[in-house]
Amino acid sequence: MLTDIGVNLSSSRYRKDRRNVLQNALEAGVGKLILTGTSLSESKATLDICDFFANDFPEMLYATVGIHPHNAEQFNHGTSDALYNLSAHPSVVAIGETGLDFFRNIASPKAQQISFEAHLELATKTGLPMFLHEREAESLQLEILKEHRNYFKDAVVHCFTGNRDTLLKYLELGLYIGITGWVCDQKRGSELRNIVSDIPIDRLMIETDAPYLLPQNMIFKPKNKRNEPSFLPWVAKEIAACRIECVEEIIEQTSINAKKFFNI
Ligand SMILES: [Zn+2]
């Protein structure tokens, strides 16, 4: 059974058929999903989804709570307490998504840094691992992580798309690496395809980041271009090809890693 560590299931693109999406995932062998919290309201919505499907899909849905760097301007004095309260929900397994994104700078770098540091403190306070995002902000992100490294337990850099140097620095800090369908894109993912074999198998996790990042190696792509957790095997397949390993090994080991990391 595969574990998809990054699913934006509260997205309105699943409004009409969330139950089918979960059923499809199970039928494709994707047995556990970690739903991503990206704002206070989305984190709440995600926990409502976990509760709503708890009986029909037992031990399948888990969640992170946090404020995405794009939403960092929303972060204020009350936010940490609100996230802390949400983190007591039994489905919550990580703090995030949080980090720095200087590629799009939708929120100011200062606001992103304040929010990120508050999330690190929250991870320390709750003992939960961190679900990290980073784009074109590796040097400051690494510097902040280093400062806090003795205090937070574990972290995964989700949807890693950086270069080899950055990858090695995250690994040196003992972090896990999440790989999405970015790796299936021959053009955009060319650098990632070359370095994915540098990730030790016991630090690798896989994710769809659905509904985004539809795997480009799919033979029959859905017309609406919407990604789903049931497409995760395409990501596993491509990683296996890049690493010259068998896909069963990738599936088994990434599931073991996720089970240990998220304590699920
Ligand atoms: Zn992200």
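Here are the numbers for the structure shown:
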item: The stretch 182-264 - percent relative contact order, Cα under 8 Å, separation 6 or more; result: 33
item: Mean ellipticity per residue at 222 nm, deg cm²/dmol - from DSSP H runs of n ≥ 4 across the chain, formula -39500 (n - 2.57); result: -12000 deg cm²/dmol
item: Within a Gaussian network of the chain (alpha carbon springs, distance under 10 Å), most fluctuating of 235, 183, 21; result: 21
item: Relative contact order [Cα under 8 Å, 6+ residues apart], the chain, whole percent; result: 20
item: Extreme residue, positive dipole direction of the stretch 1-108, given options 91, 11, 41 (C-beta unit charges); result: 11
item: Residue among 33, 140, 213 with the largest mean-square fluctuation in a Gaussian network model of the chain, springs linking Cα atoms under 10 Å; result: 140
item: Charge dipole (the stretch 2-262, unit charges on Cβ, about Cα centre) - positive-most of 157, 52, 24; result: 24
item: Anchor residue 221: lysines whose Cα lies under 29 Å away (excluding residues fewer than 8 positions away in-chain); result: 16, 32, 187, 237
item: Debye, to nearest 20: dipole size of the chain, +1 on Lys, Arg Cβ, -1 on Asp, Glu Cβ; result: 620
item: Gaussian network model of the chain, springs between alpha carbon atoms under 10 Å - residue of 243, 188, 149 with greatest fluctuation; result: 188
item: Cα principal axis extents for the chain, largest first, Å; result: 47, 43, 32
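Only the coordinates and a few stated rules stand behind these numbers; no lab work does. All figures in this text were calculated on a predicted structure; none of them were measured in a lab. With ideal geometry, Cβ positions are generated from the backbone for all residues, glycine too; neighbour counts draw on all protein chains shown.
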